[in-house]
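Let me begin by presenting the structure, written as structure tokens, before commenting on it.
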Amino acid sequence: MTLRELPQEKADFGRKPTLDGDRVVLRPVTADDVPALLPLFRDPETARLTGGHGLHRYDEARLREWYGSRADRDDRLDLAVVERGSGAVVGEVVLHEWDPPNESSSFRIALVPAATGRGLGTEATRLLLRYGFEVLGLHRIALEVFTTNPRARRAYEKAGFVVEGVLREALLWEGERVDAVVMAALAPGSGCSRPAEWEAPGGG
């Protein structure tokens, strides 16, 4: 993985960068991306894996309003994942729940079903981790993944996240209670997590 345009000065969440990788480009998400992202809100399997109760109820007009407002937010970063080869928008990555005093944030990623299993999510995750640590100055980036989604957990581990614990029976999905695994990546050199894969040029 190569970052061709990574700003060197410290930024904040109000700035919306474009991050250029080998296979994907991350750029600010807009309302015009909604048609490409609609499969995320229509796919039953995506809802099950992410615990998205009521995800299917988001209509296109409401989604356009939501994504159209992302550029004005200075407390979170929402970027579209664009496949370099095709130019297609295939998902989104987000840093949210920003905690400035503790230099921490939460992370999430979602890809349309047709884009999974091709390594695009892993590269997108590494790009945003690097930006979060090297440019935003974050110390900790965390996420939760349900135990019903082992493929996502493996992808997060590959990108540098480390398991920290389990939230027991955090999700009730169609009568089944599901655990959520808490994972986090720490800034390089800060202790238990050193996401060396995204640090290495050409990794992944």
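For the reader, a short list of remarks on this structure follows.
- Distance between the pseudo-spin-label points of ARG108 and LEU172 (7 Å out from Cα toward the beta carbon): 2.0 nm.
- Cut-off 18 Å (backbone N to label point 7 Å along Cα→Cβ of ASP12), residues of segment 138-180: 138-139
- 5 Å-binned pair-distance histogram of segment 22-131 (Cα, whole percent): 2, 12, 22, 24, 22, 13, 4, 1, 0
- Local net charge near ARG153, Cβ-Cβ under 12 Å (Lys/Arg +1, Asp/Glu -1): 0
- With K and R counted +1 and D and E -1, the other residues having a Cβ less than 10 Å from that of PRO35 yield a net charge of -2.
None of the figures in this text is laboratory data; all of them are computed from the coordinates on show. All of these numbers come straight from a predicted model, not from anything done at the bench. No Cβ is skipped: glycine too gets one built from the backbone with ideal geometry, and neighbour counts run over all protein chains shown.
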